[in-house]
C-alpha cells in the first residue's frame, strides 16, 4: 500500500530521523544491521606435491666409512676427530687423504649434509710388538723430539732418512723438562698432553719401513716432576728445600725409590707399545752447581754407598724389568767418562765398567765440539778425527770383555766448528767404525739433518767402508691400511 497525504509523510520523516540517531550514537547497532563476511574454508586450489629429498647415493669403498657433515664442520676438524680410528699418523695426512677420497671437495669447510668418505679405517686398534734384534745390530739413526716425530714434518724426516739409507729413529718419550709424550697413567704424572696419541701405531709405521724404533727417556733430569713433587728433588743442605743446579730446579733425586719406579714404569710402557729399544739419557747425578750443598736419599738409607753405587743398583733393577719384554736397553753417557777421572765419577756416578753389565748398548756422546780444554787443542770442534778416535779407543778398552756394544752419538750440528759439512759427517762415521764402534746416532736438537742426508749416499757407495749396512729382515714391512671397514657407524664430530 502506498502512503498518501501529509500525515503519512510526517510519519515517514519521523521514523527516518530516529534510525539515523541510533546509527550515530550506537555504532554497534549500525554494524549489526549489516551482514559479516565469514571465511568457512580455504580455497579449493589443488596442492602441488613437494619433491622428495634426494637420496644419499655416496657409497664408502672397502676400508673406509661415510660421515655426513654437520654445520660448522671442516676437513681438518673431521680429520682430527677420526684420526685415532684410521691408519694415518697425523691429522694432516688424514686431511689430504680425505681430499683425495672425495674428489669434488673444494676449500676447507664442509656443507651441512655433505657426505664425506673417511679413508683408511682400522678394524681394530693397533697392537704392536718389539722386533727382536741382536745387540750388535748396526743402527744408523737420527734423533727426533717427541713433538717432531708425531708431526707431518717428522714423518717426512723419517721417510727421507730411510730413503738415504738410515734404518732407525730415536724419539723422545720423556725429555729433560719432564714432558711425557705418550699416554701414561701414573699418580706422579697426572693429566698431561701427549704428542703421540697412539704409540703402537707410530712404532708400527717405523716397522713397516723396516726401521728400528728407539724410545728415549731422560731419566733423572726431570723439571716437571721436581716442580710438581718437590719432595722427590735433590735437597739443599742449607735450606732443606729443593736444590738448584745453577739456579734451576731440574733434578730429581736419583736415589729416591719413587723416582726410579716411575721411570722404569714409563720405560716398560714404551716397550709394551712395541719399541725395540729403550734408551736412558741423564742416567746420572747432577754434575754442576754447588755439589757440597746437594743431599740425597741414599746418604741416610745407605751411608756407605757412593753415587756410582746408586746408578749401578738402579740399572740392575731396570735391566731385570725390561729384558723380559724383548727390548734392548741402551745408555747415553758423557764422552768425557772414557777418561775415568775421579772428579767426573764422583759427580756423575757414571762408572762405565759397572754400567756396561746392565745394558746392551753404551752410547757415549762424543761430539767433538764438547771436548773444550782437552788435549791442548784450541778448537776441538774442528778435530773430529782426534777426539772421536781417542774416545772410542778408551771406551773399547774399559768395556773389553763385557759384551756391551759401543754405538756413539755423533755431532750433526754446527756449534763451535767452522768445518761442519757432509765431509765432517763422513769423518766421524769412519773414525768411529775404525775404532770399534757398531752403528751411530746423529744428534741435532732442531732435527735438521741436511748434512747427514748429503753424506749418506757417498758412504753407501763406498760399500762397507763406513758401515756394514745391516737391515731388518723380520718381514715386518706391512701396510696399516685395512682391507675392509668395520661394520660401525661413525659418530658425529663434536663442536
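The values are calculated or read from the model by the stated rules, or taken from the named source; none is laboratory data. Remember, it's a predicted structure, so these values are computed and weren't measured experimentally. Neighbour counts run over all protein chains shown; Cβ positions are idealised from the backbone, glycine included.
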With 326, 376, 349 as the choices, which residue is modelled with pLDDT under 95 and assigned by TED's automatic domain parsing to the domain that holds residue 400?
376
Is it true that some residue in the stretch 152-167 is surrounded by 14 or more Cβ atoms within 10 Å (Cβ to Cβ), in the same structural domain as residue 216 (by TED's automatic domain parsing), under 25 Å from residue 323 (Cβ atoms) and at pLDDT 95 or above?
yes
Could you check, for the stretch 262-285, whether at least one of its residues is modelled with pLDDT of 95 or more, over 28 Å from residue 406 (Cβ atoms) and more than 27 Å from the chain's Cα centre (by Cα)?
no
Counted residues, the stretch 169-208 - those being crowded, with 22+ Cβ neighbours inside 10 Å, more than 20 Å from residue 141 (Cα to Cα) and without any contact (Cβ under 8 Å) to a residue 40 or more places away in the chain
0
Looking at the structure I just gave you, is residue 292 in contact with a helix residue (DSSP H, G or I) (Cβ under 9 Å, 6 or more places away or on another chain), more than 18 Å from residue 332 (Cα to Cα), in the same structural domain as residue 331 (by TED's automatic domain parsing) and part of a helix (DSSP H, G or I)?
no
Within the stretch 130-142, tally of residues that are in contact with a helix residue (DSSP H, G or I) (Cβ under 9 Å, 6 or more places away or on another chain) and either part of a loop (DSSP other than H, G, I, E, B) or at positive phi (or both):
2
Out of the residues in the stretch 43-70 that are part of a loop (DSSP other than H, G, I, E, B) and surrounded by 10 or more Cβ atoms within 10 Å (Cβ to Cβ), state the one that is modelled with the lowest pLDDT.
56
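Each row is one residue, and each column tells you yes or no for (1) more than 30 Å from residue 121 (Cβ to Cβ); (2) touching a helix residue (DSSP H, G or I) at 6+ places or on another chain (Cβ under 8 Å); (3) modelled with pLDDT of 95 or more; (4) in a loop (DSSP other than H, G, I, E, B).
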| site | (1), (2), (3), (4) |
| --- | --- |
| 414 | yes, no, yes, yes |
| 427 | yes, yes, yes, no |
| 432 | yes, yes, yes, no |
| 437 | yes, yes, yes, yes |
| 442 | yes, yes, yes, no |
| 452 | yes, yes, yes, no |
| 471 | yes, no, yes, yes |
| 490 | no, yes, no, yes |
Which residue out of 304, 288 is touching a strand residue (DSSP E or B) at 6+ places or on another chain (Cβ under 6 Å) and surrounded by fewer than 16 Cβ atoms within 10 Å (Cβ to Cβ)?
288
Of everything in the stretch 195-216, what is at pLDDT 95 or above and in a loop (DSSP other than H, G, I, E, B)? Give them in sequence order.
195, 196, 198, 209, 210, 211
Does residue 269 satisfy the criteria of being surrounded by fewer than 24 Cβ atoms within 10 Å (Cβ to Cβ) and touching a residue at least 60 places away in the same chain (Cβ under 8 Å)?
yes
Where residues in the stretch 90-115 are surrounded by 15 or more Cβ atoms within 10 Å (Cβ to Cβ) and touching a helix residue (DSSP H, G or I) at 6+ places or on another chain (Cβ under 6 Å), which of them is nearest to residue 213 (Cα to Cα)?
90
Does residue 308 meet the test of being in contact (Cβ under 8 Å) with a residue 12 or more places away in the chain, assigned by TED's automatic domain parsing to the domain that holds residue 351 and part of a helix (DSSP H, G or I)?
yes
Residues located in the stretch 316-347, provided they are part of a helix (DSSP H, G or I), touching a helix residue (DSSP H, G or I) at 6+ places or on another chain (Cβ under 8 Å) and surrounded by fewer than 22 Cβ atoms within 10 Å (Cβ to Cβ)
316, 317, 319, 321, 325, 336, 339, 344, 345, 346, 347
Looking only at residues that are in contact with a strand residue (DSSP E or B) (Cβ under 7 Å, 6 or more places away or on another chain) and assigned to a strand (DSSP E or B) in the stretch 244-265, which one is surrounded by the fewest Cβ atoms within 10 Å (Cβ to Cβ)?
245
Looking at (1) modelled with pLDDT under 95; (2) buried (at least 21 other Cβ atoms within 10 Å of the Cβ), find the lone condition where residue 241 falls short.
(2)
Matching residues, the stretch 334-369, being without any contact (Cβ under 8 Å) to a residue 40 or more places away in the chain and within 29 Å of the chain's Cα centre (by Cα):
none
Say whether the condition of being assigned by TED's automatic domain parsing to the domain that holds residue 372, at pLDDT 95 or above and closer than 26 Å to residue 154 by Cα is met by at least one residue in the stretch 391-404.
no
